[in-house]
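Where a number appears in this text, it was derived from the coordinates with a stated rule and is not lab data. The shown structure was predicted, so the numbers you read here are calculated from the model rather than taken from an experiment. When we count neighbours, we look across all protein chains shown, and the Cβ atoms used for this are built from the backbone with ideal geometry, even at glycine.
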Amino acid sequence: MTRILIKALIPFFLLLNCNCSGQTPKMVGGGCEGCEAIFEFGEKSLIPIDTLPGFDSSSPKLKLTGTVFQSDGKTPASGVILYVYHTDRTGIYPKKGNETGWGRRHGYLRGWIKTDESGQYAFFTFRPAAYPDGSEPEHIHLTVKEPDKNEYYLDDFMFEDDLILTQQKRALLPNRGGSGIGSPKQENGILTFHRDITLGLHIPDYE
Ligand SMILES: [Fe+2]
């Protein structure tokens, strides 16, 4: 009797697990190599503030801060994860040798935050250097994960006073999430880089 009952219930359980619309959800942002590193925060409980390794020992110290807004550009977005990583003062992504996952490419200068109802975020780190060959301006990579979307990348944080950031290079920037170029101001001995982010802005297939 029990066996018959189980057999009768199998189709019901299959139905529960089925994506019966037959449609694969559309990828927002056109895909991205390494964006899944946003999930590599391990056991850490994410809060709106993170301090990256090397903050105490390196300079110039840098605070990245601002508000993450919904696509209307006005409503603060909560529950949003941001992931950043960048080079050290010699322009390389430093590794200790025991990195796993995307840490083997991104190095250990990386951090994660999760916004609360205010949408605000802050990363405490230091200003990176350009790659040793000078091919790219100083930059800090940024990836975002909203609660109901796949992860996607935003424009890097870049510096207005960076001579490598030519007009030609600026013209090619997609401004994903809004412009990433800023002019940090000294506040309490820390270069403070203010940047607000608008989710979905200039992001392909964002609905
Ligand atoms: Fe890079």
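Less than 5 angstrom separates the built amide H of Gln120 from those of Val68, all sequence-distant by 5 or more or on a different chain. Using only side-chain charges placed at the Cβ, +1 for Lys and Arg and -1 for Asp and Glu, the dipole size of segment 29-198 relative to its Cα centre rounds to 240 debye. Between Glu43, Glu99, Glu151, the Gaussian network model of the chain with springs among Cα atoms under 10 angstrom shows the greatest mean-square fluctuation at Glu43.
Taking amide H positions as modeled 1.01 Å from N, with prolines and chain starts lacking one, the residues under 5 Å from Thr51 and 5 or more places away or on another chain are Phe124. 3J(HN,Hα) along segment 155-166, derived from phi through the Karplus expression 6.51 cos²θ - 1.76 cosθ + 1.60 where θ = phi - 60°, amounts to 4, 5, 6, 9, 10, 3, 8, 7, 5, 6, 7, 6 Hz, with x in place of Gly and Pro.
FRET efficiency for the pair Tyr108 and Thr192, taken as 1/(1 + (r/R0)^6) with r the Cβ-Cβ distance and R0 = 22 Å, rounds to 0.40. Using R0 = 22 Å, the C-beta based FRET efficiency linking Met27 and Leu173 works out to 0.50.
FRET efficiency for the pair Ile47 and Thr166, taken as 1/(1 + (r/R0)^6) with r the Cβ-Cβ distance and R0 = 35 Å, rounds to 0.40. Axis angle, to the nearest 10 degrees, between helix 2-16 and the longest C-alpha principal axis of the chain: 40 degrees. Where Lys and Arg each count +1 and Asp and Glu each count -1, what net charge lies around Arg176 among other residues with Cβ under 12 Å from its Cβ? It works out to a net charge of -2. Between amide H atoms placed 1.01 Å from N, distances below 5 Å from Leu109 occur with His86, all of them 5 or more places distant or on a separate chain. Using a cutoff of 8 angstrom between alpha carbon atoms and counting only pairs six or more residues apart, the relative contact order for segment 29-198 works out to 29 percent. Taking segment 70-207 as the region of interest, the number of lysine pairs whose Cα atoms are within less than 27 Å, with members eight or more places apart or on different chains, is 13.
Shape annotation for segment 29-198: C-alpha extents along the principal axes are 39, 39, 37 Å, from largest to smallest.
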